[in-house]
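Some notes on the structure that comes next.
The values are calculated or read from the model by the stated rules, or taken from the named source; none is laboratory data. Model, not experiment: these values are computed from the prediction. Using ideal geometry, Cβ is built from the backbone for each residue, glycine included, and neighbour counts are taken over all protein chains shown. Protein only, heavy atoms only, side chains kept; ligands, DNA and RNA dropped before computing areas. Shrake-Rupley method; radii C 1.70, N 1.55, O 1.52, S 1.80 Å.
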Amino acid sequence: MKGSRFLLFAFFGFSILAFTLKISIPHPFYQPKEWPKPSYNFKGNPLDYEKFELGRALFYDPILSRDSSISCASCHLQFTAFAHVDHPTSHGIEGRIGKRNAPGLANLAWRKLFHWDGGVLNLNAQAINPITHVAEMDMRLDSLLYRLDRSPIYSAAFKRTFGTTDIRPFHLVKALAQFTVSLVSANSKYDKVMRAEDDQVFTEQESKGMVLFTKFCASCHKPPFFGGDDFKSNGLPLHPELLDFGRMTITGNKRDSLLFMVPTLRNIEYSFPYMHDGRISKLKDVIKHYTLLDYSNPLLSKELRKNPVKLSENEQKDLLAFLKTLTDKTFLFDERFKYSTFK
Amino acid sequence: MKVAFHLFLVSFLFSIACYGQLRIIPSWDNKALELEQVYLTENKDSISFSTLKMYFSDFRFREKLSGGITEIDTLIFYDLADSSTYVFLKNLEISNYDEVSFTLGLDSSKNVSGELENAYDPLLGMYWAWNTGYVNLKLAGKSSLVLTKTHDFEFHLGGYRFPYASAQQVQVDLLDSYIQFELSLLFPDVISLKKTHHLMVPGKEAFLILQGLAACFN
């Protein structure tokens, strides 16, 4: 008697366990222990593994562009830290060329402002921008929703995950945000050394590089994100054809002329070309850029004006070695972020 | 007399369907405004409207008897082309109040909420993707005052950043259950179509026009 009752309990217990395990595959988003609280409003879009998978499929699906030719991943490629490989400014449908370089996507959950000019204030809403932008995907939202509605796979997926048969823009962008918010990069050599993990230590060159970085660069590229919600000038002159005035376009304030987002330096080794218009293609030339600046230029942000970057040839190599410790291979090759389609 | 009667008739017919609820009725010379209808300005220039969409938010009603204030912090989308948007705050018995103030447009916190649902739905065509935020009011049409071939005019009026936070406070007495929004007052004093017939960016100009629009509520 006793034995069979135990078996019965064990059976039920096991089925419940199996069931919960199945529906709770961990969402790839996580909070690194030493980091501050994220800014993303998770209450408005609670983490949900199935929604993440839906967002991932959408991110890789050219269905989002008018002529079904490009996906988010066409400009944001995982192996290049989700930046646009080798294109100074990004290419949209029909080869239309945008004004700006596609930045790498990482640690977006901790950001409040998006895009090089900070014109976008919300990660959910951000996705509307590339979808409808004429030089990017050039897709009308209503036509896109119609397309998704008519796709048996997507209409079933939205029904399953959001419980809706009427797909609205907020469903679409929340699904995409489930994917983009989960792109956490916190596992570079730098992070491991800081956490004293796996017996990782810097080489002598990297250590020297870190001292130089802290002295000259960290005032703007602040760890642990190495960039983010600040807008500064690092002395790049106005591009004569693109005529992009950066932050001023958004605020209308002359003092914001030619200020651009301080981009993250995480995975910087892979996210070339560099700067808002991709005008510098090699990382060592970026470092050179800082050493050759005209430090009397009043438009230069004060962090640089007050503390001119002086680096010998060897020191430049040290700094480069340090920047490479920000490469996070587990992130760049994370299976969970790879191309996927819906089954 | 006659014009008041027209407005009365329209509002009366409407009241039968939804008595006691708040409505905002755009008008031209005190007649309920109709899309694509040709009107004449004071100087006998022709004008017609193809779009009138706007947001209202943050309502404060003053109670007739007690003087108490009822606050309703919500966002309401109005589209002249869609009669289902004409009636607001369906649960409110408007005859209990004698004054209302509200915002024409949305304040900065609503602009950046990232909500995107219901009145915030980008499909309503009020979302500004390149510069997070919403258009407070869209007005488009044709007028002989516009000296281009097509005579089209189009205004996307918005912006919530200092110093041109363009949402406007409006306060009106609630004599009836509707609020009149008289557009003939705009031309040519507030909007000079000869000079500006297209405006799609935030800034001083948008701010001033919205200020003028706010003065058109009875």
The range A:189-327 -> Rg/Rh from Cα coords, Kirkwood Rh, value 0.98
Expressed as a percent, the portion of alpha-carbon pairs in the range B:62-183 spaced more than 18 Å apart is 62
About its Cα centre, the protein assembly as shown carries a charge dipole, from +1 on Lys and Arg Cβ atoms and -1 on Asp and Glu Cβ atoms, whose size in debye to the nearest 20 is 1340
Residues whose modelled amide H sits under 5 Å from the amide H of B:TYR134, counting only those 5 or more places away in sequence or on another chain, are B:TRP128, B:GLY159
Residues hit by the 30 Å² burial cutoff in the range A:128-149, accessible area with a 1.4 Å probe, assembly against chain on its own, are A:ILE128, A:ASN129
Non-local residues with an amide H under 5 Å from the amide H of B:PHE153, with H modelled 1.01 Å from N and Pro and chain starts lacking one, are B:GLY141, B:LYS142, B:SER143
Once the in-chain neighbours fewer than 8 apart are removed, the lysines whose Cα is under 22 Å from B:LYS204 read A:LYS254, B:LYS53, B:LYS110, B:LYS138, B:LYS194, B:LYS195
dims of the range B:141-218, Cα set, principal axes, largest to smallest, nearest Å -> 43, 31, 17
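Over all directions, average the projected area of the Cα convex hull of the range A:253-321 and note it in nm². Walk me through the intermediate numbers first.
Working: hull surface 21.1 nm².
Result: a mean projected hull area of 5.3 nm².
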In cubic angstrom per residue, the convex hull of the range B:2-214 built on its Cα atoms measures 129
For chain A, longest principal axis from Cα atoms; helix A:141-150 axis from its Cα atoms; angle between them, nearest 10 degrees, is 30
Measure of exposure for A:TYR154: accessible area at 1.4 Å probe, Å² rounded to 10, is 10
Karplus ³J(HN,Hα) for the range A:308-317 (6.51 cos²θ - 1.76 cosθ + 1.60, θ = phi - 60°; Hz, whole; x = Gly/Pro) runs x, 7, 10, 9, 6, 3, 5, 5, 4, 5
Using alpha carbon centers only, the range A:206-229 is separated from the range A:279-326 by a whole-angstrom value of 11
Measure of exposure for A:VAL286: accessible area at 1.4 Å probe, Å² rounded to 10, is 20
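Take chain B, mark every one of the trypsin sites (Lys or Arg not before Pro) that falls in a DSSP loop and has at most 14 other Cβ within 10 Å, then report the longest stretch left between them, sites excluded. Numbers along the way, then the final one.
Values: sites that count: B:LYS44, B:LYS64, B:LYS90, B:LYS149, B:LYS194, B:LYS195.
Here the longest segment lacking exposed loop sites spans B:91-148.
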Residue-ordered couplings for the range B:63-68, obtained by feeding phi - 60° into the Karplus form 6.51 cos²θ - 1.76 cosθ + 1.60 and rounding to whole Hz (Gly and Pro as x), are 6, 4, 7, 8, x, x
Computed ³J(HN,Hα) along the range A:212-221: with the Karplus parameters 6.51/-1.76/1.60, θ = phi - 60°, integer Hz and x for glycine or proline, the list is 5, 4, 4, 6, 10, 10, 5, 4, 9, 8
Ordered by number, the residues of the range B:93-130 that have at least 50 Å² less accessible area in the complete protein assembly than on their own chain alone (1.4 Å probe) are B:LEU116, B:GLU117, B:LEU123, B:ALA129, B:TRP130
Checked against the positive end of the charge dipole of the protein assembly as shown (+1 on Cβ of Lys and Arg, -1 on Cβ of Asp and Glu, about the Cα centre), the farthest of A:PHE52, B:LEU92, A:ALA157 is A:PHE52
Taking every C-alpha to C-alpha distance in the range A:108-227 and binning by 10 Å from 0, the per-bin percentages run 11, 29, 24, 18, 14, 5
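How large is the dipole of the range B:145-189 about the Cα centre if only Lys and Arg carry +1 and Asp and Glu carry -1, each at its Cβ, rounded to the nearest 20 debye?
Values: 2 positive and 6 negative charges, 59 e Å.
That gives a dipole near 280 debye.
What fraction, in whole percent, of alpha-carbon pairs in the protein assembly as shown exceed 36 Å separation? Let's see the in-between values first.
Numbers: 73487 of 157080 pairs.
Result: 47 percent of Cα pairs exceed 36 Å.
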Residues whose built amide H sits under 5 Å from the amide H of B:GLN180, excluding neighbours closer than 5 in sequence, are B:ILE25, B:ASN218
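Calculate, for the protein assembly as shown, the solvent-accessible area per residue in square angstrom, rolling a 1.4 angstrom probe over the heavy atoms of the protein chains.
Accessible area per residue: 49 Å².
Note down the magnitude of the dipole of the range B:2-214 about its Cα centre, charges +1 on Lys and Arg C-beta and -1 on Asp and Glu C-beta and zero elsewhere, to the nearest 20 debye. Kindly include the intermediate steps, with their values, before the conclusion.
Numbers: 17 positive and 25 negative charges, 108 e Å.
In total the dipole reaches around 520 debye.
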The rounded separation in angstrom of the Cα centers of the range B:180-218 and the range B:118-139 is 19
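Probe radius 1.4 Å, ligands and nucleic acids ignored: give me the carbon and sulfur share of the accessible area of the range A:28-151 as a rounded percent.
Numbers: 2810 of 5090 Å².
About 55 percent, which is the carbon plus sulfur part of the accessible surface.
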Given the candidates A:TRP35, A:PRO308, A:TYR190, the one whose Cα lies deepest towards the positive end of the charge dipole of chain A, counting +1 at each Lys or Arg C-beta and -1 at each Asp or Glu C-beta, is A:TRP35
Relative contact order as a percentage, chain A, C-alpha pairs under 8 Å and 6+ apart, gives 22
The farthest towards the positive end of the charge dipole of the range A:189-327, of the residues A:LEU236, A:TYR295, A:LEU323, given +1 on Cβ of Lys and Arg and -1 on Cβ of Asp and Glu, is A:TYR295
